[in-house]
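Trainee: To start, I am sharing the structure in question, which I have written as structure tokens.
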Amino acid sequence: MRQKIIAGNWKMNLTLAEAVKLAADIKSDEASYKHQVILCPAFPYLTSLQNELKGSKIKLGAQNCADRENGAFTGEVSAPMLASMSLPYVIIGHSERRIYYHESHETLKEKMNLALRYGLLPIFCCGETKDIRIDEKQGVYVNKQLEESLFHLSDDDIAKVVIAYEPVWAIGTGLNATPQQAQDMHHFIREKVSARYGIGIAERIIILYGGSVKPDNAAELFSQSDVDGGLVGGASLKADDFKKIILSI
């Protein structure tokens, strides 16, 4: 049986005090959590949250890493830097990075290589825009994202990756894919993994759904057979809402 994961992507939100309090509030009910919870705060808060979560089963992840190991790249944070902090997870290829910072398939391929080289567990995001969904070309689009940035990996490395399907048209819009739409795309992704790496790896790989996950839709989304949890944005900034989502799976 695949591990279930609920990851909170806090994006560029919260002060340090607010982030520590939110982590503490989420941690307060961890005895009731049956599955893996991951928090992904802004870079400056990672050490403070490591201290707050010491001894907790809640894990931390970074929201991004650079496509270079080191050097004169002001403002960037590298995979070896994150690894030196003993962080388990890093988000790579979020749609906001692709759209606002023009991250290419090749850039994301190199980020994946570096993250895995330094022992990080990538949460690789993929998903289509509204226009692509309207044209019913989401399969072609998502498959290209997988082929160009992910499917060069070895069997051992791909097995360490968590994939997050995020329909871009449902992120921060209040819209969300129906449970059937989510299931269809998750099944499609799993089939593509199977075609490249075999059914054994495909059945083990974790695929999360991201896109306006809320307490009132989480249970139905997560009940789909190929949906292994969620990458949660806005709702992860409210402790009560996030805890309800965690407990819905």
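The values are calculated or read from the model by the stated rules, or taken from the named source; none is laboratory data. Please read all numbers here as calculations on a predicted model, not as lab measurements. Note: ideal-geometry Cβ built from the backbone for every residue, glycine included; neighbour counts use all protein chains shown.
Trainee: When residues of the range 118-134 are filtered for being at pLDDT below 95 and surrounded by fewer than 18 Cβ atoms within 10 Å (Cβ to Cβ), how many remain?
Mentor: Looking only at that region, the number is 4.
Trainee: Continuing with this model, one more query. Search the range 4-21 for residues being in contact with a Leu (Cβ under 7 Å, 6 or more places away or on another chain) and part of a strand (DSSP E or B), and hand back the single one that is surrounded by the fewest Cβ atoms within 10 Å (Cβ to Cβ).
Mentor: Of everything passing the filter in the range 4-21, Ile5 is surrounded by the fewest Cβ atoms within 10 Å (Cβ to Cβ).
Trainee: Would you call Asp228 buried (at least 17 other Cβ atoms within 10 Å of the Cβ) and either acidic (Asp, Glu) or in contact with a helix residue (DSSP H, G or I) (Cβ under 8 Å, 6 or more places away or on another chain) (or both)?
Mentor: Judged against the criteria, Asp228 is a match.
Trainee: Is there any pair with a first residue in the range 186-209 that is without any contact (Cβ under 8 Å) to a residue 24 or more places away in the chain and a second that is among the hydroxyl-bearing types (Ser, Thr, Tyr) and in a helix (DSSP H, G or I) whose Cβ atoms are under 8 Å apart and which are 6 or more apart or on different chains, and what are they?
Mentor: Taking only residues 6 or more apart or on different chains, the pairs are Ala202/Ser194.
Trainee: Of the numbered conditions (1) among the charged types (D, E, K, R); (2) over 17 Å from Ile171 (Cα atoms); (3) touching a helix residue (DSSP H, G or I) at 6+ places or on another chain (Cβ under 9 Å), Arg98 satisfies every one except a single condition; which is it?
Mentor: Unmet condition: (2).
Trainee: Please go through the range 232-241 and pick out each residue that is in a helix (DSSP H, G or I) and either among the polar types (S, T, N, Q) or buried (at least 24 other Cβ atoms within 10 Å of the Cβ) (or both).
Mentor: Passing the criteria: only Ser236.
Trainee: Looking only at the range 153-183, count every residue that is surrounded by fewer than 17 Cβ atoms within 10 Å (Cβ to Cβ) and under 24 Å from Glu96 (Cβ atoms) and tell me the total.
Mentor: Total meeting the criteria: 6.
Trainee: Which of (1) surrounded by fewer than 18 Cβ atoms within 10 Å (Cβ to Cβ); (2) within 18 Å of the chain's Cα centre (by Cα); (3) assigned to a loop (DSSP other than H, G, I, E, B); (4) modelled with pLDDT of 95 or more does Glu103 not meet, given it meets every other one?
Mentor: Unmet for Glu103, out of (1) surrounded by fewer than 18 Cβ atoms within 10 Å (Cβ to Cβ); (2) within 18 Å of the chain's Cα centre (by Cα); (3) assigned to a loop (DSSP other than H, G, I, E, B); (4) modelled with pLDDT of 95 or more: (1).
Trainee: Quick check, is Glu110 surrounded by fewer than 20 Cβ atoms within 10 Å (Cβ to Cβ), more than 17 Å from the chain's Cα centre (by Cα) and assigned to a loop (DSSP other than H, G, I, E, B)?
Mentor: So Glu110 fails the test.
Trainee: Another question, if that's okay. In the range 184-202, how many residues are buried (at least 21 other Cβ atoms within 10 Å of the Cβ) and more than 16 Å from Asp226 (Cβ to Cβ)?
Mentor: Counting residues in the range 184-202 that are buried (at least 21 other Cβ atoms within 10 Å of the Cβ) and more than 16 Å from Asp226 (Cβ to Cβ) gives 0.
Trainee: List the pairs whose first member sits in the range 20-49 and is among the aromatic types (Phe, Trp, Tyr), whose second member is part of a strand (DSSP E or B), and whose Cβ atoms are under 8 Å apart, counting only residues at least 6 apart or on separate chains?
Mentor: Cβ pairs passing all conditions: Phe43/Ala62.
Trainee: Can we say Arg97 is within 18 Å of the chain's Cα centre (by Cα), in a helix (DSSP H, G or I), under 24 Å from Lys214 (Cβ atoms) and of a type outside the set (Val, Ile, Thr)?
Mentor: Taking the combined requirement at face value, the residue satisfies it.
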